[in-house]
Amino acid sequence: MTRYVALLRGVNVGTTRLAMADLRRIVTDLGHEDVKTYLQSGNVAFGSTVRDAEKLAVGIARALTDELALTVPVLVRSGRELAAIAGGNPYADREDDPTRLLVAFLATAPKKSTVDSLAVPGGENVSFTVTGREVFLHYVDGGYGRSKFTNAYLEKKLGVVATSRNWKSVRALAEMTAS
């Protein structure tokens, strides 16, 4: 049994509402075990014998559409991947405030050319590192809420679906999926 987390994009932050009890039920009904949600923003940890993260993501997304008429992107990472992310943040030693550190999880690795051309909007003090399917973000002078370097900006510039979590959430999800 492998531990995973499914990260749903845009849940309970705009018009897309999803009760975490419904999310737990759907993931459990798909045959996964030890299903637990974190916060109200579409994070669900679970155990599964399925070894294909993309298959897991597609199954959860399809069930959300079929049962609740919700169409939301779902990204899945294994506990091992989350442990590597939590242990590999290049900015963790520079910042004590977890709200200034975020990770943008990408559906796929972006093209090298789009990564090479990615730039912070003028006047903002944001550091970023793209590593495979993640973007580590450090908002030096403030939080994510006042920045133009947002999840939507990353999606547009990199050409891939993304969903972002603050550092506190990333660490909590890594703990929830630790074997």
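Among 67, 124, 95, which one shows the biggest mean-square fluctuation in a GNM of the chain, springs joining Cα atoms closer than 10 Å? Checking each option, the largest mean-square fluctuation is seen for 67. Taking a Cβ cut-off of under 14 Å around residue 57, the surrounding Lys, Arg, Asp and Glu residues balance to a net charge of +3, with basic ones at +1 and acidic ones at -1. Quick one: net charge of residue 7's neighbours, Cβ under 10 Å, K/R +1, D/E -1? Summing Lys/Arg as +1 and Asp/Glu as -1 gives +3.
Taken per residue, the accessible surface of the chain reaches 50 Å², heavy atoms only and a 1.4 Å probe. If a spin label sat at a point 7 angstrom from the Cα of residue 141 along the line to its beta carbon, the backbone N atoms of the stretch 80-104 nearer than 17 Å would be those of 100-101. Tell me the carbon and sulfur percent of the accessible area for the chain, rounded to whole percent, probe radius 1.4 Å. Roughly 50 percent of what the probe reaches on the chain is carbon or sulfur. Given +1 at the Cβ of Lys and Arg, -1 at the Cβ of Asp and Glu and no other charges, the dipole of the stretch 78-177 around its Cα centre is 320 debye to the nearest 20.
For the chain, the Kirkwood hydrodynamic radius comes to 16.6 Å, computed from all pairs of different C-alpha atoms.
Near residue 89, once Lys and Arg are set to +1 and Asp and Glu to -1 for all other residues with Cβ below 11 Å from its Cβ, the sum equals -1.
Dimensions of the stretch 82-155 from C-alpha coordinates, computed as largest minus smallest value along each principal axis and given longest first, are 32, 30, 17 Å.
The values are calculated or read from the model by the stated rules, or taken from the named source; none is laboratory data. Keep in mind that what you see is a predicted model, and the values were worked out from it rather than measured. Methodologically, a virtual Cβ is constructed for each residue, glycine included, from the backbone with ideal geometry; neighbour enumeration extends over all protein chains shown. Each accessible area value is taken on the protein alone, full model and side chains, heavy atoms only, with ligands, DNA and RNA left out. Shrake-Rupley method; radii C 1.70, N 1.55, O 1.52, S 1.80 Å.
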